[in-house]
1. Are there residues in the stretch B:394-420 whose accessible area shrinks by at least 50 Å² when all protein chains are included rather than the chain by itself, and which are they (probe 1.4 Å, ligands and nucleic acids not counted)?
2. Could you look at chain A and say what percent of its accessible area is carbon and sulfur, using a 1.4 Å probe and all protein chains?
3. How many square angstrom of accessible surface are buried between B and A, both sides summed, with a 1.4 Å probe and rounding to 100?
4. How about the stretch B:401-498: which GluC sites (Glu not before Pro) there lie in a loop by DSSP and see at most 10 other Cβ atoms within 10 Å?
5. Give the lysines reachable from residue A:336 as a straight Cα distance under 21 Å; neighbours fewer than 8 places away on the same chain don't count.
6. Once Lys and Arg get +1 and Asp and Glu get -1 on their Cβ, which of A:440, A:80, A:415 lies farthest toward the positive end of the dipole of chain A?
7. Using alpha-carbon pairs under 8 Å, 6+ residues apart, how would you state the relative contact order of chain A in percent?
8. Residues with amide H under 5 Å of residue A:264's amide H, sequence separation 5 or more or different chain, H placed in the peptide plane at 1.01 Å from N; which?
Protein chains: 2
Amino acid sequence: MIGGYMGRFLRVDLTTQQISNQAFSEEVLKKFIGGSGLGAKILFEETNETTNPLGPENVLIFMTGPLVGTNVPNFGRYQVVTKSPLTGAYGEANSGGTWGTMLKRAGIDGIIITGKSSSPVYLYIENKKAEIRDASNYWGEDTYDLDLKLKEELGNDIVTCCIGPAGENLVRIAAIMNDGKDGRAAGRCGVGAVMGSKNLKAIVVKKGNLRPPIVEPEKLKESIRNWAGKIRKNTELLSDYGTAVGLETVEAIGDLPVKNWTEGSFPSVEKVSGEMLKKTLFVKKYHCAQCVIGCGREVKVESGPYRGVEGAAPEYETIGMLGSNCLIDDLEAIAKANELCNRYGLDTISTGAAISFAMEAYERGIITERQLGGIQLDWGNAEAMIKMIHKIAVREDLGYLLGEGTRRAAEKIGGLAQELVVHVKGLDLPAHDPRAKYSNALAYATSARGACHLNAFSYEFEDGISMAELGYPETLDRFTIRGKAQLVAKLQDLMALFDSLTGCKFIIFGLGDETIKTIVEWLNLVTGWHITREEFLEIGARIVNLKKVYNVKCGLTRKDDVLPYRILSHKRGTGGAGDNLPHLGEMLGQYYEYRGWDEFGIPREETLKKYEII
Amino acid sequence: MIGGYMGRFLRVDLTTQQISNQAFSEEVLKKFIGGSGLGAKILFEETNETTNPLGPENVLIFMTGPLVGTNVPNFGRYQVVTKSPLTGAYGEANSGGTWGTMLKRAGIDGIIITGKSSSPVYLYIENKKAEIRDASNYWGEDTYDLDLKLKEELGNDIVTCCIGPAGENLVRIAAIMNDGKDGRAAGRCGVGAVMGSKNLKAIVVKKGNLRPPIVEPEKLKESIRNWAGKIRKNTELLSDYGTAVGLETVEAIGDLPVKNWTEGSFPSVEKVSGEMLKKTLFVKKYHCAQCVIGCGREVKVESGPYRGVEGAAPEYETIGMLGSNCLIDDLEAIAKANELCNRYGLDTISTGAAISFAMEAYERGIITERQLGGIQLDWGNAEAMIKMIHKIAVREDLGYLLGEGTRRAAEKIGGLAQELVVHVKGLDLPAHDPRAKYSNALAYATSARGACHLNAFSYEFEDGISMAELGYPETLDRFTIRGKAQLVAKLQDLMALFDSLTGCKFIIFGLGDETIKTIVEWLNLVTGWHITREEFLEIGARIVNLKKVYNVKCGLTRKDDVLPYRILSHKRGTGGAGDNLPHLGEMLGQYYEYRGWDEFGIPREETLKKYEII
């Protein structure tokens, strides 16, 4: 057993119903850590360009990391890795809540699922052991109700990770949800559809108290004690107002998507901000396991048409995509939409993207009320937006196509529809506009899973935070392209480490200019390793390269490292970035060069050798 | 009869073998002039998105303009308009020589060909009359030999316009050639394949001396007399060294394509320049009919492996695409390749693009010697390049696919091949690199027929000439994007007029800052119209919009107004523009706005009304 790991990874073949244990050598763990790093390695070895993402041959990997299950703050997430049915390439999504920590405390580091069950099942995990159980009675349940029903049957000391009807229906924007009405989501890349394709409804973990071994427990405790207060202090605003904190600032600089990315300002932004949420629907804060920040919140709608909404609040991304991008400024409606997405198990980002796309297509007469099953899908029509969420989840009318993801939907609809979808590699842009922060253009274009704001997290370093440890003692000008290629590459390496340790990136706000130093220290104290900062970052680069190589294997090249024309050539004219368009080509060339990739975005042989991938 | 026109357009239905006359009202001629303007109008009315470019339903239009057949200098060209089998959208190509002038002097303004003959035929035109004649004996002849054989049969006072074996074989990069071994080509968009698809081998014109009516003959004569000497003087260098004049300068600023657009300099450039050509292979100058410049040249190779080459010299574009872009610096080999393309009836630009693409694919192991029928297609291998021309024309081995055009070939080959093709809308980039002159990026992206250097001719206005008449009293900085959108739009309007009057754009070097004024004057003197400069330019804008609307009808939108990633993101590192990449997105948005097109590049209703298109 290696420090930080219990050394037990489960391998579950749902076709044969076989469960076995798997361990990885210390060498492998040192090279790939866990989370998306280890997941990418397994995915690379077990699938290829011919793998049907929704076929039994796909592999669905749930991973934690060495700090999960310890008391290290904010490293309690889990990562899902699979071949994405949305992009046909490398897919990953991660989630907070308590499930990751509890999986680890049940003695399991990760689960590798292959095959397909002939009927609905769930996986039950308790004290290092797992069994496959019949889930016929649970099939069709939404994620909130499922959690309640499982608790009725199994007791309250369980944590569920599951799909809702969207995943069952193989909706390609379906999420994997955990922690019931706390509504935590591994949202992106259609991971929920992969789970659905395997007839796997849930993974239920019985809470345990197994703790991963820690090589230097006292020193770790001291470091955490030393940091916890500082982190709390540095993240106060986030803690006070949640992820939608400062939404008005985000809007003011032109970073918020408005009207399917066509407009640069959203005049009623104050109606949907984190501050407004706190004043109105807020019930209490929510902390994920191990978290010392508490950016989550619970809300309740007490009256009006959306009365009954209760549980997880809409996050920033949800407000951006289902709110402003649909011209909707009714926070209660957005809370309702959020709950619906959570219950159905839908990615709120891609759902918002699908609906804002459909609203524009409807306005332009490209799709009709009849195709929408009688819905008048006008801009700002919250009621219609909510109806569309139902249709997407149950695959009704045009909701069927939208559930295939905007790229496929637009291809089927044809013509101008293809100009209205805003995605990279098939994954819809999240709610940060690259026209407002140029590094984000490159980050979206080059992220392995498609348009992803968390892959580089670089927009936070433009007109925001700094990181002297990576050579950025000051925040960078958001409208320059100079130096952005390096910034994005360096941050992608670091963020790949967060995703492999399965940590929360918000801790950067807490650790500030000692982020890397501190995380390396924690990792070493837990594992007993003696990794330097340089070695640490090199692991990140290895993982980024591995994901890239997987994408190359799936046929992706430079032609896929692009941005939609709306972002590249459409000036919005209004707001704080109304006249700005990023020059992606320039940054992309510099980025490939810095990465040691050729002009097609393919890692050179010497690069792969350098990172010991070949 | 209207001044400048004989009022006789032939309509030839090759299916029914019916020939009829057609006339256009003065209103229509004032709106569309002739050439590509009138051709676009006919194409728009008679074909649509379902038209198979190589089916009998396509229309193949040969057009002259009102100044053709007069003594107006350099307005003796003809224009071919059709739906392109290469792009699936608006196609046009034009050519000089004497055929256009002679068609007019045989009393014909244009020919509209529909249907398909059941066996090979040619069209014989003499003194306002046309007949369809059997061409079975001529099928398979190359364009030089065909010209000789037709002259043997019909006498020396004929001019031929025809296809070679490439057009017969439906090679999608086949040209229409005229004037036998003088090798004049309507090269682009695969117009030769359309002619082949109709089983039409040639259009033979018996020289006549019918002169189009001129309303003010004396004033016209005086103006021409006044200008001829000045034009000659202002174009002396072009006349002395041909279109390859100053090739070393072109190379020095990074405008020359090298090694399939990957490198920025071509060290042995002096071996293939116009100056070297004059010193070595040059026999004599060649003037098209009505021309006072004489940029054409005849060459002869007296010895060595390419002995026997005799006739048209390779032009600048040919030297760029079959020379430097294939790393070939053997002028005699290029002359041989040029003659072969002419004889087979192949566009030298797209043939060069296809071979340079194949050379790179071969080097990278994407295609093999076996696929190439045993050819070792190494960079700079002139012998292999020449063998590939044969294979493309006769559709042998990989030559078959290359004859489908690089876009289709790369799609079939798949994978990385798609990254190596350098085209817009399926039409290969000609030999001017947009990384060296930024307006050219926009011009290539927005030209209706795909990547076209003549559509805006704007690269001449960056680091070259000026035009106060359009608001550019000084040449523009080539590396700025400021003002380039307007420049390109204005020049496209003007060039559309050149293509509708079927004039030679080199006369701009002769007329300088009085270009527009003088052409309008000539047009009015010939036709008796009283068109102002503003009205004139508005006709140009109308024609540009009409071509665009045709493309929109064929399904093209903003997604097609793009550049290949190699141009957008690959810095060449060497030469006079080694570090430069144009920001297309920025220019494209400005261009659409200036044009009155929406963000998808679709003309707004008010724009179409303004230009009386709807």
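1. Flagged in the stretch B:394-420: B:416, B:419.
2. Ligands and nucleic acids excluded, carbon and sulfur reach 46 percent.
3. Counting both chains, the buried surface is close to 2400 Å².
4. Those that pass, being in a loop and sparsely packed, are B:474.
5. Answer for residue A:336, where 21 Å is the Cα cut-off: A:181, A:259, A:271, A:278, A:279, A:284, A:285, A:300, A:387, A:391, listed by chain and number.
6. Most positive-ward Cα: A:80.
7. Relative contact order comes out at 16 percent.
8. Amide H neighbours of residue A:264, under 5 Å, 5+ apart: A:574.
The values are calculated or read from the model by the stated rules, or taken from the named source; none is laboratory data. Please read all numbers here as calculations on a predicted model, not as lab measurements. Quick reminder, even Gly has a Cβ in these numbers, built from the backbone with ideal geometry, and neighbours come from all protein chains shown. Remember, those area values only see protein heavy atoms, side chains included, never the ligands or the DNA or RNA. Shrake-Rupley method; radii C 1.70, N 1.55, O 1.52, S 1.80 Å.
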